[in-house]
Amino acid sequence: MDPLAFASLAHARILLLPVGSIKRQSFEKWAAEIKSFDTVRLGDIPADTNEEKARFMPSPLAAGHLHLSYATHPLPDSLAPLSLFRPSDFPLGVIGVATCTQNDSLGSILGHFNAAMNDLFPADPTFPLARNCFVFEESDDNTNMNLGNTLPGLIVIPSMMGNKKIYIGTLLAELCSNILGGFATVVQALESPLGNEYLNAAMFPTMPSLSDMPKPIDPDTPLRSSLPPLPSYNSQPDLAATGATLRAKTPTPLSLKRVSSAGPGAPPSPYRHSSLPVKKRQIAIGAASTHGRLFKVLGDFFLLAGRTMDASVWYTEAIAMLKNPQDTVWHAAVLEGLATVQVIDAWSATQAGNALPDEKDPWADIADKLIQAIALYTKAPSVADGDTNSPFISYLYCRAVLRHTSLLYSIWSGKGWGPLAFASMLEYGLSSLPPALTQESSSSTSDGRLSFAALERLTSITGISRATIAATLTQAHGPWLLHLGTRERILVLEAMASVYGALGYRRKEAYILREVLGCIMDLIVCGREEAQAGAGRAGGTGLGIQGVNLGRDANRGAVGVRENDNTEGNQSVLRIVKYVCLVHGVDLETVKIVDTSRPVSGGELDTSAASEDASYELFGWPELQIGIVREAIAVAEALPDYPAVAQFSLSSLKSLHPVMSQGDQHHLYNTAARALATARRRGDTRSVAYWSGQPIISLEVQPLPLVRIPMEKPMSMLTQRRSDHVPILTGMTDPFLYNPRKLAAAQGQVMLVENEMFEIIVTLRNPYVFDLELSSMSLSTTGVKIESKPIPVIIPANSFHPVTVTAKPLEPGTLVLRGCVAQAPGGVAQEFVLPLSTDEEEQKQLRRRSTRECEVGRSKYSGLESRPWSKETKRGSQVVQATPKTVKYLQCKVVPEQPLLRIRRTSLTHGAVMLYNGETTTIRVTLENVSALPIDFLRLTFDDSTIAPAQQALAEGELPVFDTYETEYSLLHNPVFTWDSKRNPQEIQPGEKIVVTINCFGKVGCSSGALHISYSYVHRRQNTLSEPQDVFHTRQLSYPVLVTVYHMLECHSMDILSYAPDTVAELIAQAADNDTAGEARRALLNVADVAEWCIFSVDVRNTYGLPFEVTFERDQPDVEKASTTLLVPPGSMSRVVLPIKKFRLSEEQVSQPIPTLSDRQFVVTKSNLSSAEEQLQRELFWYREELFKYVRCSWKETGGSRSGHLSLRKQRMTHHMLKALRTDETRVDMSMYEVHEDEPDADPTLVECRGGRWLPKPNTFIYLRTRITNLSPTTLISTLDLTFEPAQHIIFEGVMSGIPLAKLEIGDSYEVEMPVTIVSSGRFELAAQVRRLAQPAGVVGRGQLTAVVEMFT
Amino acid sequence: MPPQLRLNAVAFVSSQNHPILIRTFSQPKQDELKYHYIAHTSLDVIDERITAAGATKSTECYLGLLYVEDVAVYGYMTPLKVKIIIALELSDNVVRDIDVITISQALHTAYRRSVANPFLRLHAPSDNVTDHAVVVSAGSQKWKLFRERVDEICRAVTLPAAA
């Protein structure tokens, strides 16, 4: 039962006192047992035989109840003056609760009890009126306690007793009987004139002191040793008579009441009789002091005794008497009492099962009384008695206001004027919620509060609006609270806060709670000062407020003596602080407190929540929030609870930093740091979790230096030693211009090497205005073990800060970088994971963010429901998180330990090489294995500046076929760098050095190149059981080379001429200038059969500053080698001439398409040439190729040692050249024979021929012999056509055209003879044409003969 | 002639219970925070009134006397749920509702005109342009016209008393 219950005036309060060495647990158990009796039926109370004491005793058949309330704390001394005014506040009875163990004797328990009583109560108090000590036997073996019952005031309850409850009930009834007896004695004392004088002496009178009272006559009556029994036989006769009449009269109305107790309405008229003696007595006492106060006390006692009828009678009397002399305070108290009587009556009526009268507002009358009482209290002349009374008046005023509030509230929460409301009025005060509300609330909101709808429903049921209740309650809040003692003030404020809370006025509640805190902190500080002064007050127990610790944890003196902290009270205070802050929209627990002594459970951090911090929405009233937070921190500092200080300051920093001033931020940060340091110094195991949100923005593995990157290659690459695949031409093997897979593969895993350091760049963020210090930051990884040292970091204010962390993987495998573990100074380390943002995740985040943004402006939930954390639970459009979240982290692949190679030295100076075009030189590179592993695989690849443009040109595919071939040829057959893997060593033992020789070829246009040396340790020792790996890793070493190629010799205008007589003559004339060289050249030009040869010529120009000797060499099969050398002076051009024997390529060879050297796909022929043109192009191509095989050219530095190769490949071949170079399919030789007229039988002789001209005689018979030889690779069937020009001067026999020729096998020849006679002089052209009959038809051979005839020689 | 009223403080609270502007006119200036608390705690009562009004489908802006402590607190809510809280000094005169309504409407007009300022959006964060942020920024230190208007109203209310 609560001390602030509405019906507290009717509660007989009993103090439960732990006695002796009782354990807290057992005390609470037995106390609960006792407390279960909240009412005692009047009929159960044993009547006292003593007539003096029987005045307040109920008759044996009384139907009423005696209401009990229990306290475990005595009332503070400061309220002692109220003892007669408000007896219900004082413990009327005391029950000591003790357990007996083997160590304690009953005597000592009694001793303890008495000592405690003496300690708690002043030497001469009015109350308590009765006391008893219950000794509960804990175990069965305590047999030595049998004597217990003999000790007075001590009752042993044996453990074997079956129904303890009934027994305790009986004992309680006995105690109540004693109390009622006590009432009688008190009243007796007051009824004496002296007593009445005392009663009227001051506003809050005291009992007459011992010395003033006459000595008691009966020594047996004392209830307790300290209080002498009040006189039962009064020595003063005049008042005794009135007293006797009073005593005599009272039983009569009581008995009457019992008869007519069925009517709970207005007091029936018979009771009016009781006022008769009063009038009589008033005369007896005189006008000096009225009996109003006495009657009020009587009313109070009757109310306490459960006799409401009597109480209301006496109260009514009291009002009548108190009205006139304006004793406002007592008048008000009477009104309160009357109000209580009405409620008790109503309650009893419902208990008895009677129906309630159906009235509109049955409580209006009660409320009126209370309002009147409140008004009277306000008017109380507090100055009359000096300032000493004002605390009491304020207290009474507040109590009255609370009583009124309680009435309204109980009716409101009890859904109207009914049993529920009565029960709550009787039993529950304002600081504890009635069960009806809490039951209902369990379904409404999670935090035990009613929803708005439920609150409003209560209002509509009862017709009492919350505002009315609040308005009533507000009256209690005012400057007069300052007059109250601290404890009372806390009590009042607490009650106010809880009512406001229950009404749903949470801001008001928070506002009041702040004041409660202020009071509590006052007490704590005071208590601490007392403790420091050495008073050593035990504190704690004296305060009727739950969860307040009276500064027991203060340091004593200058010496660091520290008591064992009892932090339970602190926790309660902090709970209030947190609640207040929550109402204001500040969550002080955003930063968690962690107990460092316990191992941290590696709970998975909700990353989505962390990421949502970014868009944390501010709520509330920044001005108030900052003030509130300051207060909260001040409270925590005063307690002192250092981890809480840190928690509060960091939490508020975290959630409020956008609205905080710089100074505040600095202050809070420093406070937190200081508090953490102090907490640690004091050995507090608690600490705050890492607080500052997600600090990591990005996590990035710094790629290894180029020489250390391992590259994964499939094992199969080793087996195919020589592939046809030519990698150099395939700049882009990928058929797709854009290949997303390739991109993904490039992004893929980062490769790390076992036992080699790598670096990770972590980007951290600090949104605050101060430098954020992290005492340690380390990587959080799974998978492979790594070796890494945590490092301290200071993030500059308001910035992003990259930090490099080095680590070393200790074994091969997969390394997953989850994130970082960060620890603030003095805090607890926390892991922050940073998953890779996949597209899906990004989208989800985006959606979530847009949903939130969409809802940001909406004010669907108003007021406190829109606080960020309560909003979160109500969000309507929850993003469906059905898909299982697979969090991906940054992964690295750690490969086994790799050897390391370095270039020790090279033969190049400054890494540069200078060459003439076509020159070849060698580069020697010395490599050293600097690791402990051997190298058994070594490959060199090269790159130079000509490759990329060529590859690009090829890739574009715009080149004609011919150019494509040329480009490819240049790439493939004339690379800048070459290396012979066969001749160079492949294995390098640890620490060993080898030399690698590389050829370098001068190619115009090359400006730079690079050597890439890939190496690996492939054939490792393997565990026999482990599966051989299908990949190996290589590392690459690159060495850039600067290449300079001088362009000095150029070839121009290649030509091929047939061996016509005039051309030869011309050439010879050209060469005739100097002697020896000319001779040699002439000799070269002399060939056996002119028809079988042609002349190759090319111009060579020297564009360089030095003379060069150029040598052309002919190396043709079946022909002896020949060469021609000539000096090309700087800046001049020379022509080189070389005879070449004609050749013919087979048809199959020529008809082949121009090959592509690479295996590029999708080479679409772009040309739209006709087939004949294409055939021609092919022929040109193949003959040129053949020609370049036969002719080689080289150059040599004149007077120097350098030599090189001269390329002809830029020269194009024309159709004309082709005709000169190619042997015809048939050879047609025409000759003339003459037969001398004088000897016709002789063989014909060859006609004279000179200078390629035949000189036959005119008018003679001449045989024209045409010899056709088949030179083609197939059998030839053909006809021969002859033409003569001018034909009219030649006489011939036979047909001219279509002369059939025999079928000519390969190499066969056939002769056709035709007799002709030339009949004129002049120049005659005889021509022959061989025409193929089979497909392809056409002319396959021609012959010509020139005859010059001179008639007149 | 309306009875003399003394305006102690005026508070504008946004629809999401962010303070927009709180002006105090009581002579000792030190208890500005007190009016912050008064405005804050009166939100409790306003919440209740709103719920009650919602139940009866009332469209009344004027919320009436909220509570009396050492000042009388009146409430007014605009259709867009901006709450205007007026703290009047306690006096023995009868305060007529119509006077409070007149003051509230004047304040409402002042607020409306200030929010209509197109330049308010100029400094609002561009990525998160909600009306709410704009509304709250109307009372910030930068915009003095709003404060001047409110002060003007206060003067107009108290001047007859002084005269």
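Suppose we filter region A:1102-1144 for residues that are under 21 Å from residue A:1188 (Cα atoms), outside any strand (DSSP E or B) and touching a residue at least 40 places away in the same chain (Cβ under 8 Å); how many remain?
Summing the residues that are under 21 Å from residue A:1188 (Cα atoms), outside any strand (DSSP E or B) and touching a residue at least 40 places away in the same chain (Cβ under 8 Å) in region A:1102-1144 gives 4.
A quick yes/no check of all residues on (1) loosely packed, with under 15 Cβ neighbours inside 10 Å; (2) within 23 Å of residue A:798 (Cα to Cα); (3) modelled with pLDDT under 80:
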residue: A:666; (1), (2), (3): no, yes, no
residue: A:675; (1), (2), (3): no, no, no
residue: A:685; (1), (2), (3): yes, no, yes
residue: A:694; (1), (2), (3): no, yes, yes
residue: A:705; (1), (2), (3): yes, no, yes
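Taking residue A:655, is it part of a helix (DSSP H, G or I) and at pLDDT below 80?
Yes.
Within region B:50-87, how many residues are within 7 Å of another protein chain (Cβ to nearest Cβ), over 14 Å from residue B:104 (Cα atoms) and part of a loop (DSSP other than H, G, I, E, B)?
Total meeting the criteria: 1.
Do we have residue B:68 as more than 19 Å from residue B:147 (Cβ to Cβ) and either surrounded by 21 or more Cβ atoms within 10 Å (Cβ to Cβ) or over 16 Å from the mean Cα position of the chain (by Cα) (or both) here?
It is true that residue B:68 is more than 19 Å from residue B:147 (Cβ to Cβ) and either surrounded by 21 or more Cβ atoms within 10 Å (Cβ to Cβ) or over 16 Å from the mean Cα position of the chain (by Cα) (or both).
Mind telling me which of the residues A:609, A:614 ends up being at pLDDT below 60, within 14 Å of chain B (Cβ to nearest Cβ) and not in a loop (DSSP other than H, G, I, E, B)?
It is A:614.
Would you mention how many residues in region B:62-92 are touching a residue at least 60 places away in the same chain (Cβ under 8 Å) and either at positive phi or not small (Gly, Ala, Ser) (or both)?
Going through region B:62-92 one residue at a time, the tally reaches 10.
Do any residues in region A:898-920 that are on the phi > 0 side of the Ramachandran plot have Cβ atoms under 7 Å from those of residues that are surrounded by 15 or more Cβ atoms within 10 Å (Cβ to Cβ) and in a loop (DSSP other than H, G, I, E, B), where the two are at least six apart or on different chains, and which pairs are they?
These pairs meet every condition: A:918/A:1002; A:918/A:1206; A:918/A:1207.
Only one residue in A:493, A:473 is away from every other protein chain (no Cβ under 11 Å) and surrounded by 20 or more Cβ atoms within 10 Å (Cβ to Cβ). Which one?
Just a single option satisfies the conditions, and that option is A:493.
When you scan region A:752-771, do you find a residue that is of a type in the set (Lys, Arg), loosely packed, with under 15 Cβ neighbours inside 10 Å, modelled with pLDDT of 80 or more and more than 30 Å from residue A:952 (Cβ to Cβ), even just one?
No, because not a single residue in region A:752-771 is of a type in the set (Lys, Arg), loosely packed, with under 15 Cβ neighbours inside 10 Å, modelled with pLDDT of 80 or more and more than 30 Å from residue A:952 (Cβ to Cβ).
Any residue that is at pLDDT 80 or above and polar (S, T, N, Q) - is there at least one of those in region A:1227-1246?
yes
Can you name the strands (runs of 3 or more DSSP E) wholly within region A:949-1057 that have at least 3 residues being buried (at least 19 other Cβ atoms within 10 Å of the Cβ)? Full working, then the answer.
On the way: elements: A:977-979, A:993-1001, A:1008-1016, A:1031-1046.
Those strands (runs of 3 or more DSSP E) span A:993-1001, A:1008-1016, A:1031-1046.
Answer yes or no as to whether residue B:21 is more than 20 Å from residue A:469 (Cβ to Cβ) and facing another protein chain (nearest Cβ under 8 Å).
Answer is no for this residue.
Residue A:500 - would you say it is of a type outside the set (Lys, Arg), in a helix (DSSP H, G or I), within 12 Å of another protein chain (Cβ to nearest Cβ) and without any contact (Cβ under 8 Å) to a residue 12 or more places away in the chain?
Working: of a type outside the set (Lys, Arg): yes; in a helix (DSSP H, G or I): yes; within 12 Å of another protein chain (Cβ to nearest Cβ): yes; without any contact (Cβ under 8 Å) to a residue 12 or more places away in the chain: no.
In short, no.
Any residue that is in contact with a Phe, Trp or Tyr (Cβ under 7 Å, 6 or more places away or on another chain), surrounded by 14 or more Cβ atoms within 10 Å (Cβ to Cβ) and among the hydrophobic types (A, V, I, L, M, F, W, C) - is there at least one of those in region B:30-51?
yes
Out of everything in region B:88-128 that is within 14 Å of another protein chain (Cβ to nearest Cβ) and under 21 Å from residue B:19 (Cβ atoms), what residue ends up being modelled with the lowest pLDDT?
The first filter runs over region B:88-128 and keeps only residues within 14 Å of another protein chain (Cβ to nearest Cβ), leaving B:90, B:121, B:124-128.
Still in the list and also under 21 Å from residue B:19 (Cβ atoms): B:121, B:124-125, B:128.
Numbers: B:121: 71, B:124: 60, B:125: 58, B:128: 51.
Step by step, filter region B:88-128, then rank; the result is B:128.
Mind telling me which of the residues B:31, B:47 ends up being assigned to a helix (DSSP H, G or I), at pLDDT below 80 and within 14 Å of chain A (Cβ to nearest Cβ)?
Of B:31, B:47, the one residue that is assigned to a helix (DSSP H, G or I), at pLDDT below 80 and within 14 Å of chain A (Cβ to nearest Cβ) is B:31.
For region A:1236-1353, give me every one of the strands (runs of 3 or more DSSP E) that falls completely inside it and has 1 or more residues that are touching a residue at least 24 places away in the same chain (Cβ under 8 Å), within 30 Å of residue A:1146 (Cα to Cα) and among the polar types (S, T, N, Q).
A:1262-1270, A:1278-1285, A:1309-1318, A:1322-1332, A:1338-1349
Could you tell me whether residue A:676 is hydrophobic (A, V, I, L, M, F, W, C), closer than 25 Å to residue B:36 by Cα and in a helix (DSSP H, G or I)?
Judged against the criteria, residue A:676 is not a match.
The values are calculated or read from the model by the stated rules, or taken from the named source; none is laboratory data. Predicted model only: the values in this text are computed from it and were never measured. Cβ: placed from backbone, ideal geometry, glycine included. Neighbour counts: every protein chain shown.
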